[in-house]
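Only one structure is covered here, and it is reproduced in the block below.
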């Protein structure tokens, strides 16, 4: 299952939403940057992308934090790819997508082996899933079917959702929800709202991130993973306040 943590920060100057979005897009070009009402972020995970009768989904589960500007060594990356705990967490997430796609698609294929997706400050185990859509199925239909995947909730979904509702002190709001667009033909892109923040008011921002828990999880390591996932928004906040462009951020 996946529990999330909420961290509230205060800016010394009013937060510019436009500056936040621009900075995220500039510093994290391989992500899907979004801003909808009070939620802004830069997601690395595509829940459902459809085009010409095909659907694509990228599953991320299993994470290694790295120092800013650094990356894992080849030896550490091999260890990461072979780690039993990380592979187990990743397999749960992939299976949840594959199992739910069978109702809306045919000929589901998955990456033969998880690959390592490198992002600033983090490296993830990733798998790409693709399939042929059944006639009349839209990208929104697929997103509704897949959400929430085991990568942001858990498996079995119903049991995980019950535990999350009991242990997390507030509603998740826009965290980990589908965010994207769809055209008149039903094709579109729906990312998962991760690496995100809730804009509470013009100086208050609530960062939210989660970590997957399996039998071999270590609480300290999972908390460190959550902190690493908050770095993109913290960096954007430090450089994206109105007026000075470099207002202080306090937790």
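Residues that are crowded, with 16+ Cβ neighbours inside 10 Å and free of Cβ contacts under 8 Å to residues at least 40 places away in the same chain were ranked within the range 107-127; the one that is nearest to residue 53 (Cα to Cα) is 108.
Within the range 42-60, the set of residues being at positive phi and surrounded by 21 or more Cβ atoms within 10 Å (Cβ to Cβ) is empty.
If you check residue 1 against the conditions, is it surrounded by 16 or more Cβ atoms within 10 Å (Cβ to Cβ), closer than 15 Å to residue 180 by Cβ and in contact (Cβ under 8 Å) with a residue 24 or more places away in the chain? So residue 1 fails the test. Taking the numbered list (1) modelled with pLDDT of 90 or more; (2) within 21 Å of the chain's Cα centre (by Cα); (3) surrounded by fewer than 13 Cβ atoms within 10 Å (Cβ to Cβ) in turn, residue 183 passes all entries but (2). The set of residues in the range 184-211 being assigned to a loop (DSSP other than H, G, I, E, B) and either within 12 Å of residue 39 (Cα to Cα) or in contact with a helix residue (DSSP H, G or I) (Cβ under 9 Å, 6 or more places away or on another chain) (or both) consists of 186, 187, 193, 194, 195, 200, 201.
Sort out which residues of the range 212-225 are part of a helix (DSSP H, G or I) and either in contact (Cβ under 8 Å) with a residue 24 or more places away in the chain or in contact with a strand residue (DSSP E or B) (Cβ under 7 Å, 6 or more places away or on another chain) (or both), and write them in order of number. Let's see the steps before the verdict.
Of all residues in the range 212-225, those part of a helix (DSSP H, G or I) come to 219-225.
Scanning the range 212-225 gives 222, 223, 224, 225.
Figure legend. Inter-residue proximity from the range 136-159: first residues on the phi > 0 side of the Ramachandran plot, second residues surrounded by fewer than 24 Cβ atoms within 10 Å (Cβ to Cβ) and part of a helix (DSSP H, G or I), beta-carbon distance below 7 Å, spacing 6+ or different chains. Indicated pairs: 154/160. At least 1 residues being touching a helix residue (DSSP H, G or I) at 6+ places or on another chain (Cβ under 6 Å) and within 14 Å of residue 204 (Cβ to Cβ) is the threshold, and among the strands (runs of 3 or more DSSP E) wholly inside the range 5-59 those reaching it are 39-43. Restricting 205, 249 to those that are modelled with pLDDT of 95 or more and over 29 Å from residue 129 (Cβ atoms) reduces the list to 205.
Scanning the range 26-38 for residues that are surrounded by 15 or more Cβ atoms within 10 Å (Cβ to Cβ) and farther than 27 Å from residue 89 by Cα, we see that the one that is modelled with the highest pLDDT is 35. All conditions but one from (1) over 19 Å from the mean Cα position of the chain (by Cα); (2) within 13 Å of residue 61 (Cβ to Cβ); (3) buried (at least 18 other Cβ atoms within 10 Å of the Cβ) apply to residue 104; the one that does not is (2).
The values are calculated or read from the model by the stated rules, or taken from the named source; none is laboratory data. Remember, predicted model here, so these are calculated numbers, not experimental data. Heads up, the Cβs are rebuilt from the backbone with ideal geometry, glycines too, and the neighbour counts pull from every protein chain shown.
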